[in-house]
1. Pop out the ³J(HN,Hα) list for region 101-107 in order, Karplus 6.51 cos²θ - 1.76 cosθ + 1.60 with θ = phi - 60°, rounded to Hz; leave Gly and Pro as x.
2. If you take the beta carbon distance between residue 127 and residue 86 as r and set R0 to 30 Å, what does 1/(1 + (r/R0)^6) give as a FRET efficiency, to the nearest 0.05?
3. For region 8-86, calculate the relative contact order in percent as a whole number, restricting contacts to Cα pairs under 8 Å that are 6 or more residues apart.
4. Counting helices only, and only those DSSP H runs with n ≥ 4, report the 222 nm mean residue ellipticity of the chain as the sum of -39,500 (n - 2.57) divided by its residues, in deg cm²/dmol to the nearest 500.
5. Over the residues of region 164-257, compute the C-alpha Rg and express it relative to 2.2 N^0.38 Å.
6. What ranking do 268, 120 get, fewest neighbouring Cβ atoms within 10 angstrom at the top?
7. Cα gyration tensor of region 99-253, axes a ≥ b ≥ c as square roots of the eigenvalues: rounded (a/c below 1.5), prolate (a/b > b/c) or oblate?
8. Kindly provide the pair-distance distribution of region 185-224 built from C-alpha pairs, with 10 Å bins from 0 and whole-percent values in order of increasing distance.
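Bear in mind that the values in this text are calculations on the coordinates, not laboratory data. What you see is a predicted model; the values in this text were computed from it and never measured. Cβ coordinates were reconstructed from backbone atoms using ideal geometry, including for glycine residues, and neighbour counts include every protein chain displayed.
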Amino acid sequence: MFAHLPPLPWLRAFEASARLGNFTRAAQELGLTPSAISYQVRALEAELGQKLFERQRRMLVLTRPGQTYLPIVTKAFAVIDTGTASIFGKRRPATLTVRCLSSFNMLWLVPRIEKFRRLHPDINLRLLSTSWSESGGRDPIDIDIRYGDGTWPDGTIIPLRKGRVVPVCVPELAGPVSQILQGPLIEITGAIDTWAQFQQDHAPGQPLPEPICVVDQSLIALEMAKSGQGHALVADIFAAPYLARGDLVLACDAALPERLGHHLVLRHAGNNHRPEIVVCVAWLLAESASP
């Protein structure tokens, strides 16, 4: 019936090795020897006809086929785990740690948390904020929501959202592009979709004044714009609640497509087949796809 299903011990060895980063830690988790884990992974690679890991010094790095195969194996184990718990007994409340940029946390995630809690009362969320993607920290992160090009090497990358960058302001400052570009402008440091790019796309040749202020978070830029201090150029996902409440308006009809986007990062060192992670990832993707 399952003609292409490899032996489950081989799949367990692959999943644990990918998640934990080497055969030694995988062996400790599964109660086997490192040589046994290595043998099972080699057997799986032979069965599939593809290398799943690049063996580097004291470290395993997933190949492209390995990166593609890992979430499939992880999801399969999660389905079995969830089904077992639902039929044979309830799990204890699980704790899930989600980290994201402060602006994403406050403007997109927090307003939706109550919906998640109603759907999944058995999952306790820990929300951590950071000012920059890939910021360090000692807290173990289950789901890292990062903003960038999606090429981080330390986890499985799942695209979440890519939208537009829009200029916003209080109603009395709205007008044509040529008027907006006279300022005052609020700049977000580290952004690649900047006022300079906006000017190049929509009013090439028009002089661009220096920003009146440079901030490090979209939330700060939006609050400054809300108080009437100038125009902010922000991702539409962050501008949405301000526009919905009428605190801000679109300064004009022009916009920029985002060159970067938000991604979910499930770290290779984490236990990503845990049911609460699978459930939360599915919920985040569904929320991102909804209007």
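1. Going residue by residue, I get 4, 4, 5, 5, 4, 6, 9 Hz, with x marking Gly and Pro.
2. After rounding, the FRET efficiency stands at 0.70.
3. 27 percent
4. It lands at -12500 deg cm²/dmol.
5. Details: Rg = 11.6 Å, N = 94, 2.2 N^0.38 = 12.4 Å.
Against the empirical 2.2 N^0.38 Å value, I get 0.94 for region 164-257.
6. 120, 268
7. prolate
8. 31, 51, 18, 0
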